[in-house]
1. Within the range 375-403, take every residue that is in contact with a Phe, Trp or Tyr (Cβ under 9 Å, 6 or more places away or on another chain) and small (Gly, Ala, Ser) and give me the one that is nearest to ligand 2 (Cβ to nearest atom).
2. Could you list, in sequence order, the residues of the range 129-147 that are of a type in the set (A, V, I, L, M) and within 9 Å of ILE196 (Cα to Cα)?
3. Write out, first by first residue and then by second, each pair whose Cβ atoms fall under 6 Å of each other, whose residues are 6+ apart or on separate chains, and whose first residue, in the range 375-394, is under 19 Å from HIS21 (Cα atoms) while the second is surrounded by fewer than 17 Cβ atoms within 10 Å (Cβ to Cβ) and at pLDDT 90 or above.
4. Contact list please: Cβ distance under 9 Å, first residue in the range 119-132 and more than 11 Å from PRO95 (Cβ to Cβ), second residue of a type in the set (Ser, Thr, Tyr) and not in a strand (DSSP E or B), pairs at least six apart or on different chains.
5. Kindly indicate which of VAL127, VAL156, VAL94, VAL84 is under 28 Å from PHE303 (Cα atoms), assigned to a strand (DSSP E or B) and out of contact with any Asp or Glu (no Cβ under 8 Å at 6 or more places or on another chain).
6. Looking at the range 300-320, which of its residues are within 16 Å of ligand 1 (Cβ to nearest atom) and in a helix (DSSP H, G or I)?
7. Among the residues of the range 66-105, count how many are closer than 23 Å to ARG279 by Cβ, away from ligand 2 (no atom under 16 Å from the Cβ) and open to solvent by 50 Å² or more (accessible area, probe 1.4 Å).
8. Identify the residue in the range 331-344 that is open to solvent by 20 Å² or more (accessible area, probe 1.4 Å) and part of a loop (DSSP other than H, G, I, E, B) and, among all such residues, is nearest to ligand 1 (Cβ to nearest atom).
Amino acid sequence: MASIKELPTRSTTRFERIGAHTHVKGLGLDENLKAVRIKDGMVGQERAREAAGLVVQMIREGKLSGKTVILAGPPGTGKTAIAVAISKELGANVPFIQMSGSEVYSSGRKKTEILIEAIRKCIGVEVHEMRKVYEGELTHMDIKTAPHPYNPYQKVPESIRLTLKTKDEEKTIEAGSTIAQQIIKQNISEGFVIQIDAETGRIVNLGLSLTSAKGKTYDIDTRRKIPCPSGEVLKEKEFVYNLTLADMDEINARQRRGGGVFSMFFGGAEIKEIDTEVRTAVDEGVKKMVDEGKSFIHPGVLFIDDSHLLDLEAFSFLGRAIESELVPIIILATNRGVTTIRGTDVKSPMGFPLDLIDRSVIIGTEEYGADSIREILRIRFKEEKVNIKKDALATLTEVGAKTSLRYSVQLLSLAAQNAKSAKHKNVTVEDVERVSKLFMDSSEATQHLKKYEEKMMMH
Ligand SMILES: Nc1ncnc2c1ncn2[C@@H]1O[C@H](COP(=O)(O)OP(=O)(O)OP(=O)(O)O)[C@@H](O)[C@H]1O
Ligand SMILES: [Mg+2]
């Protein structure tokens, strides 16, 4: 007798990523859009969170496209955290693209090209299409082969005769070699429910028919089983695709190069830059489909973090883009005060051109008090799955209030690591004190550099 042994199921270890903002789950507002002091991983900063809540509501209602929102405030006051919360609130269906101002300075591509692409990735297009398809359970098929034109010893499929059945009808169709090849490649045989696009001939295997002999007999079959379709074999069906303008640009550019719609899924040459001509054609096409009721536009959000890194050229491009018809909401975050606009010697608030500021709404973030710092640290400890003693949390909060929230969050991870190597069950005051002696915050680092100014290398 064959001996069969059961093995314990191995628990899968998940790769856990603890990024700086993984604790942020939303804006933490109540049903009246009022900020709850501690909710969804967010603490304090009520005014900015409530303002962000209104922005989210307007985005959902499609009222804010083409507007700019500026998040301004000192470093480490939660600007990026609020933007992350906005994206969480919007959900997966609204495109949200996050980039840093520095990303526009790629050596291989033009600044404007990078910005256009980012903007177009943020505009969702829901395309509804009616297509004629042959759909049914395959009850009989007959493949005719012919000798290969270059190698007469090899046979290739030349044509195929298929009988498709629904609950109400049966139809036999004859098709050419491309359909025969797809059937062979996809391992389709009698008993499967298939769908053939009447125009392109693309075949989709939907699964085994429950009414077929195979569907009934193979109990331990992992293949998907579906009921036999009803109605006519040749029918018009509605297909819904969720794309972005950038996806459509790419499909269009590939088609122009003769790649066909599906080369996007099956690979093909990478397209580095898309012609303006292609984009104009896509825009026209989309607008027409919207007018005909076949498409819906979902403007998303382009979030540019550290946007003081953008220069005048990039700003003026953004300014122009905002005026056009198909644009997302643009959120810019910066921690700069009055400073020069990059690429010029003009001074301006946040280093942004005045006309851009004029057309924006500004959300300000403020520095945290000790209470908020303690709560944020507490949340971060939970996120990193470490326990901390009460007095150690108090010490770390003190460090945070004296230096910055960001620095105390950094020390938190280091203190946790120190506790681990010292085999402490919880993070203790000694752990916090040890790491704050070992590492420097920015003001300590500045003093340190000043002290050795003459001995440090200058060039
Ligand atoms: N109100 C808050 N509630 C919870 N966590 C917060 C809050 N504000 C900031 N944080 C967390 O504190 C850290 C620093 O905040 P964040 O990176 O958002 O600051 P910032 O304003 O973007 O700073 P910078 O100007 O340097 O980019 C992050 O880990 C962030 O998730
Ligand atoms: Mg930030």
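The values are calculated or read from the model by the stated rules, or taken from the named source; none is laboratory data. A quick note: this is a predicted structure, and the numbers were derived from the prediction, not measured. Neighbour counts are summed over all protein chains in view; Cβ atoms, including those assigned to glycine, are modelled from backbone coordinates with ideal geometry. Only protein heavy atoms, including side chains, enter the accessible area calculation; ligands, DNA and RNA are left aside. Shrake-Rupley method; radii C 1.70, N 1.55, O 1.52, S 1.80 Å.
1. Looking at the filtered set, the residue picked out is GLY400.
2. Initial filter on the range 129-147 (of a type in the set (A, V, I, L, M)): 130, 133, 138, 141, 143, 146.
Correct list: VAL133 only.
3. Between residues of the range 375-394 that are under 19 Å from HIS21 (Cα atoms) and residues that are surrounded by fewer than 17 Cβ atoms within 10 Å (Cβ to Cβ) and at pLDDT 90 or above, the close pairs are GLU375/ILE38.
4. Here the result reads ARG131/THR200, each pair linking the range 119-132 to a residue that is of a type in the set (Ser, Thr, Tyr) and not in a strand (DSSP E or B).
5. On the way: VAL156 fails: under 28 Å from PHE303 (Cα atoms); VAL94 fails: assigned to a strand (DSSP E or B); VAL84 fails: assigned to a strand (DSSP E or B).
Only one candidate passes the filter, namely VAL127.
6. SER307, HIS308, LEU309
7. 2
8. In the first step, residues of the range 331-344 are kept if they are open to solvent by 20 Å² or more (accessible area, probe 1.4 Å); the result is 335-340, 342-344.
Then keep just the ones that are part of a loop (DSSP other than H, G, I, E, B); that gives 335-337, 343-344.
Numbers: ASN335: 3, ARG336: 9, GLY337: 12, GLY343: 21, THR344: 22 Å.
Ranking the candidates gives ASN335 first.
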